[in-house]
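Encoded as structure tokens, the structure appears first; notes follow it.
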Amino acid sequence: MIRILLPLLLFIISTKISFSQTDKISDYISVADTITKTALRDRKGYDWLKELCEIGPRLSGSENSMKAILWAKNKMTELGFDSVWLQPVMVPHWERGNKEFCAIYNDKIMIKKLEVLALGGSVSTPENGIEANVIEIKSFDELKQKASEVKGKIVFFNRPIDQGMTNTFAGYGSAVDQRVYGAIEAAKYGAIGVVIRSVTTKFDNVPHAGVMLYVDSLPRIPAAAIGYLDSDFLSEQLKLNPGLVLKLRMNCRTLEDTQSFNVIGEIRGKEFSEEIVVVGGHFDSWDVGCGAHDDGAGCIQSIEVLDLFKRLNIKPKRTIRCVLFINEENGSRGGIEYGKLAASSSEKHIAAIEADRGAFTPVGFNVDSDSITINKISTWLPILEKASIEWVKKGGSGVDVSKIKNAKALLGFVPDDQRYMDVHHSANDVFEEVHPREFELGAAAITVMVYLLSEEGL
């Protein structure tokens, strides 16, 4: 009799477990559907992004940056988060100064003024600028081969993004070394300045900024980006007349480090309050445009995650913490400081999500973790699909959350990337370039992922 009843008992138990799991998934799908519909209908985060963009660009150390920090702290407080605080961070303070000047000449006759932006962290030129012949270079290998021709000249790094790459971040990676390290490499061979083709996918003439670096062992030479179309023009003119002269004038400067802050708000978990799920983006932006996509959108979506929990009266099992990291663009000091806090705290960071790829249509999540954890998160796809998420796969997370070394999983929110490099680090990055439905779908997708991480843990 026992041998007959035991299999029957096991079948009944397994069936109950199966039904229970199915019911749970059904409940999760219902919650995900409600989150998505609420975000799309209410459009609250999109309106907050407009408020933020009205402050203007938010470069670390600037007056606008501090205005935005106080605005975000007040917004989180108004929304009724359980805790809101500022984490002190010392940040670099670089200022662009007056509008830059760049032009090319033939026999002292100006051929054309070029659209130009000093690269972030560049030194200034002398008051009257620098003036020299130009040498066009496509790679650091070519620079080394032409080392004897570089001394006393301005190097024009002219390698565009590879437009053949379907992933624009990969294309960006194929060209951005010129911006970051170009002044270092050119200074090795005696160049007096550097201009680069803007790292962009858009065929316009709006120059794109971004950080550049120096080393103490080499002279610090001024570095700037010129518009895509002006880069084409300069290249063609150099073919016709290699003896062209370029004049560049900039009065940017680096000041003493200044006090700034990460902005942090949280909703406490009802069961495992010491287990933390972080969601955030970087709150600084470059000093052109207003940082709408990079990364105002990711920051406001992160605030809206917590607000959607409150709006829908969802009580998270684990603590949900929104962190707006300062200084990602030219130092990552906000991420470093928060990483130190996470390492020294008794709290357990189970996961952290970074939103720093713009506010375009959601497509997936990259996950930096072990295969078992990635497989577990992948099983949530039927739920995440309610917010337009198509895939979960192994990949990099983000500059700031990567500083949290003790989290079980680090995730990067991935929207469609085809238009991101059109606006990145440029005057194109304005509120009007953000579509409300794409923005709110992104907020919903991140909220659903946070909800599942809170409910299921890792």
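The values are calculated or read from the model by the stated rules, or taken from the named source; none is laboratory data. All of these numbers come straight from a predicted model, not from anything done at the bench. We place every Cβ from the backbone using ideal geometry, glycine too, and count neighbours over all the protein chains shown. Surface areas here come from the heavy atoms of the whole protein model, side chains and all, with no ligands, DNA or RNA. Shrake-Rupley method; radii C 1.70, N 1.55, O 1.52, S 1.80 Å.
With a cut-off of at most 13 other beta carbons within 10 Å, and DSSP calling the residue loop, which GluC sites (Glu not before Pro) in region 81-161 qualify? Please list them.
When the GluC sites (Glu not before Pro) of region 81-161 are filtered for loop state and at most 13 Cβ neighbours within 10 Å, GLU127 remain.
On a straight-distance basis, which lysines could pair with LYS315 in a cross-link, Cα separation under 24 angstrom, same-chain partners fewer than 8 positions away excluded?
Result set, ordered by chain and number: LYS24, LYS37, LYS44, LYS73, LYS75, LYS270, LYS348, LYS376, LYS386, LYS408.
If you stretched the chain out fully between TRP71 and ASP47, how much longer would it get, using 0.36 nm times the residue separation minus the C-alpha to C-alpha distance?
7.3 nm
Which far-off residues, 5 or more places away or on another chain, put their amide H under 5 Å from the one on ALA103, with H placed in the peptide plane?
Amide H neighbours of ALA103, under 5 Å, 5+ apart: LEU114, LYS247.
Between GLU136 and residues 5 or more places away or on another chain, which pairs have amide H atoms under 5 Å apart, with H built 1.01 Å from N, and which residues are they?
So GLU136 has HN proximity to PHE156.
With a 1.4 Å probe and every protein chain left in place, tell me how much accessible area LYS394 has, in Å² to the nearest 10.
For LYS394, the solvent-accessible surface is approximately 130 Å².
Starting from the amide H of MET90, placed 1.01 Å from N in the peptide plane, find each other amide H under 5 Å away whose residue is 5 or more places distant or on another chain.
SER260
Short version: ³J(HN,Hα) in whole Hz for each residue of region 42-53, in order, from phi by Karplus 6.51 cos²θ - 1.76 cosθ + 1.60 (θ = phi - 60°), x for Gly and Pro, what are they?
With the stated coefficients, region 42-53 comes to 7, 6, 5, x, 4, 5, 5, 4, 4, 4, 4, 5 Hz.
In whole Hz and in residue order, list the ³J(HN,Hα) couplings for region 252-260 that follow from phi through the Karplus curve 6.51 cos²θ - 1.76 cosθ + 1.60, θ = phi - 60°; x for Gly and Pro.
Working through the residues one at a time gives 5, 7, 10, 9, 5, 3, 10, 6, 9 Hz.
Under the rule of -39500 (n - 2.57) per DSSP H run of 4 or more residues, summed and divided by the residues of the chain, what mean residue ellipticity at 222 nm is obtained, to the nearest 500 deg cm²/dmol?
Mean residue ellipticity at 222 nm (helix-derived): -11500 deg cm²/dmol.
Quick one: ranking ARG321, ARG437, ARG357 by accessible area, 1.4 Å probe, largest first, what do you get?
ARG437, ARG357, ARG321
Which loop-located GluC sites (Glu not before Pro) does region 211-285 contain, where loop means any DSSP state but H, G, I, E or B and the Cβ has at most 16 other Cβ atoms within 10 Å?
GLU271
Note the full-extension length gain between LYS188 and ASN98 as 0.36 nm times their separation in residues minus their Cα-Cα distance, in nm to one decimal. Walk me through the numbers on the way to the answer.
Values: separation 90, 0.36 × 90 = 32.40 nm, distance 2.87 nm.
Working it through step by step, the gained length comes to 29.5 nm.
How much of the accessible area of region 27-81, in percent, comes from carbon and sulfur atoms when a 1.4 Å probe is used?
After summing per-atom areas, the C and S share lands at 46 percent.
Output ³J(HN,Hα) for region 132-143: one whole-Hz value per residue in order, computed from phi by the Karplus curve 6.51 cos²θ - 1.76 cosθ + 1.60 with θ = phi - 60°, and x for Gly and Pro.
3J(HN,Hα) across region 132-143, in whole Hz: 6, 5, 10, 10, 8, 9, 9, 7, 5, 5, 5, 4.
Quick one: length gained pulling LEU458 to LYS270 fully straight, 0.36 nm per residue minus the C-alpha distance?
66.0 nm is the gain from fully extending LEU458 to LYS270.
If I model a spin label at ASN133 and GLU149 as a point 7 Å from the Cα along the Cα→Cβ vector, what separation in nanometres do I get?
It works out to 1.0 nm between the two label points.
Please report the antiparallel percentage of the DSSP beta bridges confined to the chain, to the nearest 5.
55
In Å², what does the accessible area per residue of the chain work out to with a 1.4 Å probe? Mind showing how you got there, number by number?
Numbers: 19160 Å² over 458 residues.
I get 42 Å² per residue for this part.
Restricting to bridges with both residues inside region 348-439, how much of the DSSP beta-bridge set is antiparallel, in percent to the nearest 5?
Working: 6 of 14 bridges.
DSSP beta bridges in region 348-439 are roughly 45 percent antiparallel.
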